[in-house]
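Remarks on the structure that follows.
The values are calculated or read from the model by the stated rules, or taken from the named source; none is laboratory data. Remember, it's a predicted structure, so these values are computed and weren't measured experimentally. Using ideal geometry, Cβ is built from the backbone for each residue, glycine included, and neighbour counts are taken over all protein chains shown.
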Amino acid sequence: MKNKKLAGVYKFIVFFLLISFVVTCSFFLFFHFLDLPEEQIRQAAPVTFGNVMLITLIFWILDTLRRKFFTERPVMRITKGLERISAGDFDTRIQPVSDLSGMAEYNEIIEYINKMAQELSGVETLRTDFVSNVSHEMKTPLAVIRNYAALLSGDNVSPTERKEYAEAIDQATRRLSSLVENILKLNKLENQQIYPQKRTYDLSEQICQCLLDFENQWEEKDIAIDTDIDDCVTVTADPELLSIVWKNLISNALKFTENGGTVSVCVRQEDCFAIVSVSDTGCGMDSDTGRHIFEKFYQGDTSHSSMGNGLGLALVKRIADITGAEITVESQLGKGSTFTVKLPKEVAHGG
Ligand code: ADP
């Protein structure tokens, strides 16, 4: 730092003497052409050099002050801000410089740095939220497993109780493994580690198959299934990825519908799109819930929270983004919801 300052002073002195010398030489050339007597030139020489030195000194002082206030100050402000950001303080915001300084260009740099800090603080919040959400979601099934394992190890456990405890442990482990599976899938999708395997296939058949996979659930809840599926609607896409979408939408529809309700599935073809909609006569949601449902770990309806982990629709949205599909939701509290996916028949699989 000290060496840097010394080098700066040295540069200034060299620059200052050079300018004085150049300007004095110019003056002498000028006097030479005026054809003045040598005596007068000799007298004028030191005065001229002194004048030039003085004027140069005044300009040098003015320039130094200008630099100090209008260049060094904003640069210092930016450097200090960057120092704090690099140390992890993402709440740092750098104050813009006054437009009067004539250095408004710095404001553009400051604006970008502030934007970067804002983005970084958003990412940091997401990361910490994610970690706390995962830990929270893991805690409940782990506590269940621990409690039931302790009960099972007791001496006086009847066969019925043993079966009941084992079932509870089984359910908790299923929940844990579904959580881990979803986190891994989402992570892979977000980091582009899944390379979609496209092929042309029958979407109508895939949706019918997905529906059948939930037969036990709809029978258990006595839910009527209403289908309006066009024959042989084909798409060129990754069937595995899309099956995650259909399964999540259908399982949510069944989960949020009361016993005796109805779930309707409709598949049709419109120009170069396949339109799939899943409707239910379930609990529906208000507009505030509707705004958050695609966020990771968001669960609007807490009465069913143990039956999911709030990652299903986040996965659905990510897959929709990758496949270029559009997903919309219409819902009315207490009346039901309709999720509609508008899928290009030839999926580009960007992401
Ligand atoms: P979860 O697996 O916990 O249900 P999702 O990501 O699938 O998580 O859904 C997030 C939230 O969206 C749910 O907690 C619920 O509030 C709302 N939701 C999703 N589908 C429906 C639906 N068919 N009817 C009403 N609410 C729904």
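Remarks
- When residues of region 123-166 are limited to those that are without any contact (Cβ under 8 Å) to a residue 24 or more places away in the chain and among the β-branched types (Val, Ile, Thr), the one surrounded by the fewest Cβ atoms within 10 Å (Cβ to Cβ): THR160
- Candidate set from region 178-208 (those that are assigned to a helix (DSSP H, G or I) and of a type in the set (Val, Ile, Thr)); member that is nearest to ASP226 (Cα to Cα): ILE207
- Qualifying residue in region 318-325 (condition: within 13 Å of the ligand (Cβ to nearest atom), part of a helix (DSSP H, G or I), of a type in the set (D, E, K, R) and under 25 Å from the mean Cα position of the chain (by Cα)): yes
- Going through (1) modelled with pLDDT of 90 or more; (2) within 28 Å of ASN191 (Cα to Cα); (3) surrounded by fewer than 19 Cβ atoms within 10 Å (Cβ to Cβ); (4) within 11 Å of the ligand (Cβ to nearest atom) one by one, ILE250 falls short only on (3).
- Members of region 290-303 found to be more than 6 Å from the ligand (Cβ to nearest atom) and either not in a loop (DSSP other than H, G, I, E, B) or not basic (Lys, Arg) (or both), listed by number: GLY290, ARG291, HIS292, PHE294, GLU295, PHE297, THR302, SER303
- Flag if THR328 is of a type in the set (Ser, Thr, Tyr) and more than 8 Å from the ligand (Cβ to nearest atom): yes
- Residue in region 267-282 that is nearest to the ligand (Cβ to nearest atom), counting only those that are among the hydrophobic types (A, V, I, L, M, F, W, C) and surrounded by fewer than 21 Cβ atoms within 10 Å (Cβ to Cβ): ILE275
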